[in-house]
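First up is the structure itself, then whatever we jot down about it.
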Amino acid sequence: MKIAIIGGGPAGLYAAILLKKQRPQAEITVYERNRADDTFGFGVVFSDATLDNFEKYDAPSYRRITQEFAYWDDIAVHFRGTVHRVGGNGFCGCSRRKLLLILQERARELGVTLLFEADIEDEARFADADLVVLADGINSRFRDKYIAHFQPEVDVRSNKFAWMGSTRPLDAFTFIFQETEWGPFIAHAYQYEVGRSTWIFETDPETFKRAGLEGLSEKQSADRMAEIFGWFLEGHQLLTNRSMWRNFPMIRSKRWVKDKLVLLGDAKATAHFSIGSGTKLAMEDAIALADAMQRAPTVAAALQQYEDGRREEVEKTQHAADVSLVWFEHVDRFWDFDPVQFAFGVMTRAKAITYDNLTLRAPDFVAEVDKAFAKQVRSRGLDVDIEKPVAPMFQPLRLREMTIVNRAVVSPMCMYSAEEGVPGDFHLVHYGSRAVGGAGLIFTEMTCVSRDARITPGCAGLWNDEQQAAWRRIVDFVHANSAAKFALQLGHAGRKGATKLMWDGMDRPLEQGGWDVISASPIPYFPDSQVPREMDRAAMDVVKAAFVAAAERGEACGFDMLELHSAHGYLLASFISPLTNQRTDEYGGPLANRLRFPLEVFEALRSVWPAHKPMSVRISATDWVEGGITGDDAVAIARAFAQAGVDLVDVSTGQTVRDAQPVYGRMFQTPFSEQVRNEARVATMCVGNITTSDQVNTILAAGRADLVALGRPHLIDPSFTLKAAAWYGAEISCPPQYLPGKEQIFRNSVRDRQDFDDLKIKAKPKTRAELKAEATKPLAAE
Ligand SMILES: Cc1cc2nc3c(=O)[nH]c(=O)nc-3n(C[C@H](O)[C@H](O)[C@H](O)COP(=O)(O)OP(=O)(O)OC[C@H]3O[C@@H](n4cnc5c(N)ncnc54)[C@H](O)[C@@H]3O)c2cc1C
Ligand SMILES: Cc1cc2nc3c(=O)[nH]c(=O)nc-3n(C[C@H](O)[C@H](O)[C@H](O)COP(=O)(O)O)c2cc1C
């Protein structure tokens, strides 16, 4: 077999090693345009888990790599004169140059031919090869040559970064967030060998310009960075090696394989440097390719297996990298945070590290986070214990004169079980059991303000006395038997009205018994949905009056809070989104116009809703469609409602139009809550695929939301919050009838948690830094 590998970076060299081990008879050649020891960059990082993989696939190179490595366990966050350190991270750093020399040496030993200063212009010269590996890096000539086939998507990010080195020793992966007269600068730094560390400097484009970095030489910009970070460098130099400022390109390729050509490493996909995974991904690609070549009967089958098997893992890493880079791009959102909360946000930004996980690894740090959180609560006038604070989820929140005892919320969820809008026994049991289950705040389902405002014939309403009495019974039960506050969500279905019950066909038009629907513009939801009537001013007045009447009935029922549903493509949302509002009058056009009617309804409600009771608004913070609402619009929308007196923005997303492309995942809507909260400076509630109390605490402690709503988890577990309280040892009220059950779970949870923590600690292998520390510990210390 003949294999040609273009590019002698980590991907190409490691592929050569693994393939040659597998097929000693194969003729494998690596073509590298540079000289053997002529490389850019300083250090590379690998996690312990990645090193375990290297050990399994090629022990000799693994041993040489680890001999040369610097190990560290801690991440240190420097911000506003403070430093927070968190251990247990298990990372290693190594010089990129040494890594390449080790891989070259190992490849030669195995019989791979390495040709340097061999710049390949055209892969046609490898016509007789069975496999051509394109490992030619981020600017891959061959990916671009076959651009129509590989279909790379290149997303050039806004921040500027430069890769430099230093002689400054470091004993932790170090993040420095530095305020300057021009704006914030960030350093990501780690040691990779004795007396050498990598320094990546990052800043936003405006700060870059203000700092006059544009057009400076490498040396001049290194001098400028040395001035800014001089206090930390302690006289050590900054070193440069092709350290130009650039913008990071996130690259994703639709296809990785073309006939016998295969893309590997940066050539096919990149991952932002802030999660230190570029070299890891490149070498793990080589592992995946070698595995596929081992298993598959033909080269063509192997390449397909490589692509099919590897794509998900690469995309997961890219997603984590995306989340992380976005955090750094928006660091200004957190700039005025308490330093410990800021550091918690840095640690948990990419979702892999959580509140519980940090509690195990760095209990003192989490204790400090809890304390800072409790202090914030106290500064808002609530008398909470700051010496022994409970976890953030169990800290109260005050909105106007309503105090919610904890931060867990039952999200509004239609039950489609009302008759003529009247909630019945099902609703009493449903809301009653969730209130008794401990959530601090529960929302009603979207409660419709008139008969023709319903989504389905099963939707609850509040437009007549019978409905009012039925809701009153439920509110009274909740207040008499729990500490929960109860919020009424009022809405109008708009163009999504007159549709079937969820289990008969969500959003599908009713075949019989429907009613006329209205919307901002006459655009049907499905092509075969009813075409809504465009609302004129008279229709707006009717709808507004219906909202006001329902709010007055809500007050008479005794609800504690009122939410205006302006999300998910329903009537008010249809005004806000440009995709559903194509009006040419003063209610269409720019966002301020599109907001006019929803704000008018809100203001009318605010004027009749008692001043001491809070109001919220639910919004779709993105439509997940090009040309629709974006996170930046959501900030403007939140500001407009805040100005009109909203106390909380309930940040959901989507459901506006059929062809939306949401990016699902754990906590997938939380970034929008974070943006709205920290840019519009308004309290937010986040929601969406949040399933554990650990996630709830992580979100709250990082300042990404003020309340956390859970929908589906509450459908199957009404006692979600009570169980979480037992887990975290937080006091929680419970009806006297259930006290023996509460006492039992609180007792058992202490032991269960201890067992769980022990198991986790036992299951986690020691990091190389810990093993090294043990191996070098003097005997006397045993
Ligand atoms: C300026 C810069 C600095 C970096 N520094 C670091 C760092 O310090 N630490 C870190 O972890 N990551 C660093 N990275 C990222 C890291 O280099 C990559 O994620 C990783 O090296 C990917 O490995 P690769 O083998 O796919 O590509 P590369 O390492 O880029 O290797 C591709 C190789 O192909 C060669 N090549 C390209 N075209 C041809 C051709 N036509 N013919 C022959 N040879 C060709 C190139 O010379 C290069 O050696 C840096 C990236 C950049 C852009
Ligand atoms: C059955 C069901 C009914 C829902 N009804 C409503 C509703 O009436 N009003 C509303 O604003 N959101 C409604 N939603 C959306 C939820 O409030 C929540 O935002 C969504 O389910 C995402 O949260 P989750 O991942 O925790 O379930 C509903 C969701 C479900 C599953």
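The values are calculated or read from the model by the stated rules, or taken from the named source; none is laboratory data. In this text the structure is predicted, and so the values were computed from the model without any measurement. Cβ sites come from the backbone with ideal geometry, for glycine too, and all protein chains shown count toward neighbours.
Brief remarks follow.
- Matching residues, segment 35-76, being under 30 Å from the mean Cα position of the chain (by Cα) and part of a strand (DSSP E or B): Gly43, Val44, Val45, Phe46, Ser47, Tyr71, Trp72, Ile75, Ala76
- Residue in segment 383-398 that is within 30 Å of the chain's Cα centre (by Cα), more than 16 Å from ligand 1 (Cβ to nearest atom) and closer than 30 Å to Ala493 by Cα present: no
- Residue selected from segment 114-127 under the condition outside any loop (DSSP other than H, G, I, E, B) and not acidic (Asp, Glu), by the criterion nearest to ligand 1 (Cβ to nearest atom): Leu115
- Note on segment 494-523: residues that are within 30 Å of the chain's Cα centre (by Cα) and assigned to a loop (DSSP other than H, G, I, E, B) amount to 2.
- When Val429, Val436, Val410, Val405 are checked against the criterion of being of a type in the set (Val, Ile, Thr) and surrounded by fewer than 21 Cβ atoms within 10 Å (Cβ to Cβ), Val429 stands alone in meeting it.
- Residue satisfying all of: in segment 189-206; part of a loop (DSSP other than H, G, I, E, B) and modelled with pLDDT under 95; surrounded by the fewest Cβ atoms within 10 Å (Cβ to Cβ) among these: Val194
- Failed criterion for Pro740 (all others in (1) in contact with a helix residue (DSSP H, G or I) (Cβ under 6 Å, 6 or more places away or on another chain); (2) surrounded by fewer than 16 Cβ atoms within 10 Å (Cβ to Cβ); (3) of a type outside the set (A, V, I, L, M) hold): (1)
- Among the residues of segment 684-726, the ones that are part of a helix (DSSP H, G or I) and more than 14 Å from ligand 2 (Cβ to nearest atom) come to 10 in all.
- Residue match in segment 96-111 (condition: under 18 Å from Ile3 (Cβ atoms), in contact with a Phe, Trp or Tyr (Cβ under 9 Å, 6 or more places away or on another chain) and free of Cβ contacts under 8 Å to residues at least 60 places away in the same chain): no
- Considering segment 207-217, and only residues there that are crowded, with 17+ Cβ neighbours inside 10 Å and modelled with pLDDT under 95, the residue that is farthest from Ser166 (Cα to Cα) turns out to be Ala211.
Matching residues to (1) free of Cβ contacts under 8 Å to residues at least 40 places away in the same chain; (2) over 24 Å from Val649 (Cβ atoms):
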| position | (1), (2) |
| --- | --- |
| Thr348 | no, no |
| Pro363 | yes, yes |
| Lys371 | yes, yes |
| Ser379 | yes, no |
| Pro389 | yes, yes |
| Arg398 | yes, no |
| Cys414 | no, no |
| Ala418 | no, yes |
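- The set of residues in segment 555-568 being in a loop (DSSP other than H, G, I, E, B) and more than 11 Å from ligand 2 (Cβ to nearest atom) consists of Gly558, Phe559, Asp560.
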